[in-house]
Amino acid sequence: MRILVVEDEEKVASFIRKGLVEERYAVDVAHDGQEGVELAALNPYDLVVLDLMLPKLDGFRVIQRLREDAVDTPILVLTAKDSVGDKVRGLDLGADDYLTKPFAFEELLARIRALLRRGGGNAAPVFQVADLVLDPAARTVTRGGDKIELTAKEFALLEYLMRHAGRVLTRTMILEHVWDQSFDSYTNVIDVYVNYLRKKVDQGREPRLIHTVRGVGYVLREES
């Protein structure tokens, strides 16, 4: 899942990004409101974490601009502005949740998970294809009941493939969701990580689930 953090304080932004990356999210950071609007309009984010006190465009204007432009990505406001009036204004403009600073990172993670579940229309998402089961909340993967240990990036890639099981995903789509915007798109790292997954998920097992669509990308599906 790919998250945009819009936060002008570099230390705070770095802290949030580091924590989210450790939780297997792909994270981009914008340091002002205008950059936040531009990135959120261009990229398929699953969630925006938004400060309100931002240069160029404040967070209220960011929310308003995104909703006016029909960007329906869930927005979690994370700010030191803690008055009831600010909370009401943010939510009325189109924010989905509001958390005040200082905050506990565990609470931030819980709110993010809740918004992502809501966005997916599933209160407790567990993904299964054949005997392969992935539980995003528990961060576990099993096949035929055997636990599979994955790195953070392998897990993120498999989750994206399983969320879109049966759909061919291009390398560009995978890059946009699993790696952040600073990633060098000219390397073959996606193919390398797909091979890592195949060794852990498919090798020695039937049916094989991860398939290459030559010249396009990859698909996870159970073929007859």
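The numbers here are math on the coordinates, done by the rules we state, and not lab data. Nothing here was measured: the structure is a model prediction, and the numbers come from that model. Counting neighbours? That spans all protein chains shown, and the Cβs are built from the backbone with ideal geometry, glycine included.
Arranged from fewest to most other beta-carbon atoms within 10 Å of their beta carbon, MET1, MET53, MET173 become MET53, MET173, MET1. Projected onto its three principal axes, the C-alpha set of the chain covers 58, 34, 31 Å, listed from the longest axis down.
Scattering from region 1-134 was approximated by placing one identical point on each alpha carbon and applying the Debye formula without solvent; log10 I(q)/I(0) at 0.10, 0.18, 0.23 1/Å stands at -0.31, -0.97, -1.59.
Here's the picture: charge each Lys and Arg Cβ at +1 and each Asp and Glu Cβ at -1 in the chain, and of VAL62, VAL126, VAL5 the one pushed furthest to the positive end of that dipole is VAL126. Hydrodynamic radius of region 142-213 by the Kirkwood approach over all distinct alpha-carbon pairs: 13.0 Å.
Which whole-number percentage describes the relative contact order of the chain, with Cα contacts under 8 Å and a sequence gap of 6 or more?
Numbers: 350 pairs, mean separation 36.0, N = 224.
It comes to 16 percent, rounded to a whole number.
For THR140, the residues whose amide H sits under 5 Å from its own are ASP135, ignoring neighbours fewer than 5 places away on the same chain, with H placed 1.01 Å from N.
For SER14 and ASN188, the difference between the fully extended length at 0.36 nm per residue and the C-alpha to C-alpha distance is 59.9 nm.
Separation of region 1-38 and region 79-93 by C-alpha centroid, Å? Between the Cα centre of region 1-38 and that of region 79-93, the gap is 21 Å. Of the peptides 23-33, 84-94, the order by per-residue mean of other Cβ atoms within 10 Å, starting with the highest, comes out as 23-33, 84-94. Taking Cα centre as origin and charging only the Cβ of basic (Lys, Arg, +1) and acidic (Asp, Glu, -1) residues, the dipole magnitude of the chain rounds to 660 debye. Note on LYS18: lysines with a C-alpha under 27 Å away, same-chain residues under 8 apart excluded, are LYS56, LYS81, LYS87, LYS101, LYS147, LYS153, LYS200.
Check every DSSP H run in the chain and write down those whose alpha carbon atoms cover 20 angstrom or more along the long axis and whose mean Kyte-Doolittle hydropathy is -1.0 or greater.
105-120
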